[in-house]
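So the structure is just underneath, and the comments pick up after that.
The values are calculated or read from the model by the stated rules, or taken from the named source; none is laboratory data. Please read these numbers as outputs of a predicted model, since none were measured by experiment. Here Cβ is always computed from backbone atoms with ideal geometry, including for glycine, and neighbour counts include all displayed protein chains.
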Amino acid sequence: MLLQGKIAIITGAASARGIGRATAATFAQHGARVVIFDLDESAARDAAASLGEGHLGLAANVADEAQVKQAVARVIEHFGRIDVLINNAGITQPLKTLDIRPGDYDKVLDVSLRGTLQMSQAVIPLMREQKAGSIVCMSSVSAQRGGGIFGGPHYSAAKAGVLGLAKAMARELGPDNVRVNSIAPGLIHTDITGGLMQDERRHAIIDGIPLGRLGAAQDVANAALFLASDLSSYLTGITLDVNGGMLIH
């Protein structure tokens, strides 16, 4: 029970077969009280209920500062503390550079990057007061290799921004015993990616992965569990690659 008694917020965790949901289930199995943030309040509540008793589902658009502050205040009112934040919410768009319009850029950057900043800002004061906390930011292999399989350049830019933001926060918050780390998943089989790949394309991608398979949401959830728990108590500012060897650097 690596997270016994811990309170963990996970954003974008209502999708049944997504990374956030797998992380929520894993955290609950290890004793955490999980708070799921999602755009759809009923979906967030259903997802929280599926974890068992004592978990919470709230509506919050991570790109909306007021909604973030209100939702985090409700968590503090309900549980009295926040030990872990998983900045998982994000969106992608398969666009080429010249096809990216201002609205596309704003949509992707607002959720993945601004959302990560605003969620972190909302929990940092309490974590500082507690002199303890773990923030995990979800980046992507696309930030490291200059483009992914599906995401456009603006997605790579957003996820690269997440890496820089997390490292800067780690440096700033270390003296308060608040750790900030990132996960950079490779190609993970979820509802989003599953519908975009033909068998032929899947085999071509797998041929470039040394471990010979696509990642599972559980693979990323396990990495998040490690970074959220005291097993990683001397780690901050790192990027943990979960890509099967797709990128070795």
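Is it the case that the stretch 92-115 has a residue that's buried (at least 24 other Cβ atoms within 10 Å of the Cβ), modelled with pLDDT of 95 or more and more than 27 Å from His154 (Cβ to Cβ)? No, every residue in the stretch 92-115 fails to be buried (at least 24 other Cβ atoms within 10 Å of the Cβ), modelled with pLDDT of 95 or more and more than 27 Å from His154 (Cβ to Cβ).
Exactly one residue among Ala60, Ala8, Ala16, Ala43 is farther than 13 Å from Leu225 by Cα and surrounded by 22 or more Cβ atoms within 10 Å (Cβ to Cβ), and that residue is Ala60. Of the residues screened, Leu231 is not one that is surrounded by 20 or more Cβ atoms within 10 Å (Cβ to Cβ), over 16 Å from Ser139 (Cα atoms) and touching a residue at least 12 places away in the same chain (Cβ under 8 Å). Anything in the stretch 19-32 that is under 12 Å from Gly52 (Cβ atoms) and surrounded by 24 or more Cβ atoms within 10 Å (Cβ to Cβ)? List them, or say none. Answer for the stretch 19-32, where residues must be under 12 Å from Gly52 (Cβ atoms) and surrounded by 24 or more Cβ atoms within 10 Å (Cβ to Cβ): Ala24, Phe27, Ala32.
Residues checked against (1) small (Gly, Ala, Ser); (2) surrounded by fewer than 17 Cβ atoms within 10 Å (Cβ to Cβ); (3) at pLDDT 95 or above; (4) closer than 23 Å to Asp106 by Cα:
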residue: Gly151; (1), (2), (3), (4): yes, no, no, yes
residue: Gly161; (1), (2), (3), (4): yes, no, yes, yes
residue: Ala166; (1), (2), (3), (4): yes, no, yes, yes
residue: Leu173; (1), (2), (3), (4): no, no, yes, no
residue: His189; (1), (2), (3), (4): no, yes, no, no
residue: Pro210; (1), (2), (3), (4): no, yes, yes, no
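Note on the stretch 106-133: residues that are under 14 Å from the mean Cα position of the chain (by Cα), under 22 Å from Ser232 (Cβ atoms) and among the polar types (S, T, N, Q) total 2. If the condition is being surrounded by 16 or more Cβ atoms within 10 Å (Cβ to Cβ) and either on the phi > 0 side of the Ramachandran plot or of a type in the set (A, V, I, L, M) (or both), then the stretch 63-75 contributes Ala63, Val68, Ala71, Val72, Val75. Checked against (1) more than 20 Å from Thr23 (Cβ to Cβ); (2) free of Cβ contacts under 8 Å to residues at least 60 places away in the same chain; (3) not β-branched (Val, Ile, Thr), Arg145 meets all criteria but (2). May I ask you to list the residues in the stretch 82-98 that are not in a helix (DSSP H, G or I) and not β-branched (Val, Ile, Thr)? The answer is Asp83, Leu85, Asn87, Asn88, Ala89, Gly90, Gln93, Pro94, Leu95, Lys96.
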